[in-house]
Amino acid sequence: MRLGVRRLAWEDLPVRVAWFNTPSVYTHVPLDLPIGLARTEQWFRDTLMNVSRVDFTFTDAQRPQEEQQAFAGLTNIEPVHRRAEMYMVVRPGETGRGIGTAVLRWLCNYGFANLSLERIMVTTLADNQVARHLYARVGFVNEGVLRRHFHYQGRLVDRHVQGLLRSEWEQQAWHTPQPVPFSLDTGS
Ligand SMILES: CC(C)(COP(=O)(O)OP(=O)(O)OC[C@H]1O[C@@H](n2cnc3c(N)ncnc32)[C@H](O)[C@@H]1OP(=O)(O)O)[C@@H](O)C(=O)NCCC(=O)NCCS
């Protein structure tokens, strides 16, 4: 499948709300539930003024207006320290088809080549082995566990940390030193 990439837009928000209220997503992404459209619109308005994050929508290139396949982004972008965190969510029901791998590679290429980052990190909840397996396969290194780090659903939970350095990204066959175009292939 060929994916197009664009900045997250107002028209994506109802789809994003529906995904984040899906159990296969909200059990792995620690957000205050339920996620409503009004709160998401307020959140999005705030992101438009926030230079420390960039949020993308990945669409079926054949039907870019109605077929969102993934949302992903870089947050806590720190220009001085040249680091950022990443997140990603693949359309529920479409996982396991290579979309996540392609999106993650694109996001890393964007962060290192377009933004000149030195480090991208990601945190996951303890039971999200699927995501950690994917991040490790793409090249992320396990860096440890922040124990009882995050208040989520009434209790303190661990966050697993993985990171990818520029030097490690440069060793990946898929890395692109030139700024990445806003499209990609998933290989399926
Ligand atoms: C994590 C996520 C982004 C992965 O996206 P994806 O499109 O399924 O990723 P891919 O298809 O490229 O590959 C995922 C790998 O996990 C495996 N996988 C996918 N779904 C799985 C499942 N339900 N159970 C076990 N393995 C699974 C795939 O087979 C593949 O393994 P492989 O590398 O050995 O072939 C997606 O599952 C998702 O959106 N999860 C919910 C939100 C989330 O957890 N986000 C990350 C929070 S930081």
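Quick notes on this structure:
- When we screen 102, 84 for residues that are among the hydrophobic types (A, V, I, L, M, F, W, C), buried (at least 20 other Cβ atoms within 10 Å of the Cβ), closer than 20 Å to residue 144 by Cα and modelled with pLDDT of 95 or more, the only hit is 84.
- Conditions (1) more than 16 Å from the ligand (Cβ to nearest atom); (2) exposed (fewer than 15 other Cβ atoms within 10 Å of the Cβ); number of the one not met by residue 31: (1)
- Which listed residue, of 79, 92, is near the ligand (Cβ under 8 Å from one of its atoms) and either under 17 Å from residue 169 (Cβ atoms) or out of contact with any His (no Cβ under 9 Å at 6 or more places or on another chain) (or both): 92
- Candidates 61, 70: the one that is at pLDDT below 95 and in contact with a Lys or Arg (Cβ under 8 Å, 6 or more places away or on another chain) is 61.
- Check on residue 111, touching an Asp or Glu at 6+ places or on another chain (Cβ under 6 Å) and at pLDDT 95 or above: no
- Helices (runs of 4 or more DSSP H) wholly inside the stretch 9-125 that include at least 1 residues being under 27 Å from residue 185 (Cβ atoms), without any contact (Cβ under 8 Å) to a residue 40 or more places away in the chain and not hydroxyl-bearing (Ser, Thr, Tyr): 13-20, 99-109
The values are calculated or read from the model by the stated rules, or taken from the named source; none is laboratory data. This one's a predicted model, so the numbers in the text were calculated from it and none came from an experiment. All Cβ positions, glycine included, derive from the backbone under ideal geometry; neighbour counts span all protein chains shown.
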